[in-house]
């Protein structure tokens with residue numbers, strides 16, 4: 001079974017019925033990343049140890065009857081704009097390469113609560129604007145390395161053959177011949193940060209890439 005070609009709902013159903021384990025799926029994804037990443041350069045950081053540890057916890061919870069829902073045990077990548085507690089978050093910049101958030105962005109926290117497995121941080125343009133930092137190797141279009149991968153969610157587009165978000169969404173997604181769907185405002189409170197004029201969701205609620213609102 002080619003686990004990396006399954007739809008999320010198909011994989012979720014297999015995990016729920018324990019026909020496949022989260023560890024098996026996560027390991028398969030990490031192995032595929034290892035094979036393709038040197039060509040695609042879609043990840044800013046890969047987190048194999050953390051991912052496998054989280055997958056083991058997910059399997060134990062599912063086996064104990066504590067199934068959280070359709071994201072439980074499902075591996076995925078996170079754009080490097082999103083704060084991840086204890087993991088460097090550079091937002092495509094060299095200035096922030098040593099920045100380690102002390103808390104998760106709201107979206108990341110909700111994904112963890114849902115039992116999702118974080119494989120790593122996906123590469124992006126500097127500060128979610130139009131260009132990649134010259135010191136960073138841009139992600140490559142999986143269909144043709146000479147083609148554009150889009151703007152800020154270029155790493156997500158390359159890694160998944162495109163399912164990023166709007167402005168970062170509608171542009172990178174068609175580049176590798178896929179479609180993007182813009183997010184709805186409300187579920188994740190927009191906050192200020194490097195791209196505050198667009199109301200990016202990368203930080204935890206009430207932060208400005210620094211102090212959290214109490």
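When residue 111 is tested against (1) assigned to a loop (DSSP other than H, G, I, E, B); (2) under 14 Å from the mean Cα position of the chain (by Cα), exactly one condition is not met: (1). For the residues 160, 149, the requirement of being at pLDDT below 90 and surrounded by fewer than 23 Cβ atoms within 10 Å (Cβ to Cβ) singles out 160.
A Cβ distance below 6 Å, combined with a sequence gap of six or more or placement on separate chains, defines the contacts here; from region 47-76, residues that are in contact (Cβ under 8 Å) with a residue 12 or more places away in the chain and on the phi > 0 side of the Ramachandran plot reach residues that are in a helix (DSSP H, G or I) and surrounded by 20 or more Cβ atoms within 10 Å (Cβ to Cβ) in the pairs 73/15; 73/22; 73/58. Applying the set (1) farther than 29 Å from residue 12 by Cβ; (2) surrounded by 19 or more Cβ atoms within 10 Å (Cβ to Cβ) to residue 89 leaves exactly one unmet item: (1). Return yes or no: is residue 42 in contact with a strand residue (DSSP E or B) (Cβ under 8 Å, 6 or more places away or on another chain) and within 17 Å of residue 155 (Cβ to Cβ)? Yes, satisfied. Of note, residue 52 does not satisfy the criterion of being at pLDDT 95 or above and either under 22 Å from residue 139 (Cβ atoms) or assigned to a loop (DSSP other than H, G, I, E, B) (or both).
The values are calculated or read from the model by the stated rules, or taken from the named source; none is laboratory data. Quick caveat, the model's predicted, so the values are computed rather than measured. Every residue, glycine as well, gets a Cβ built from its backbone with ideal geometry; the counts of neighbours run over all protein chains shown.
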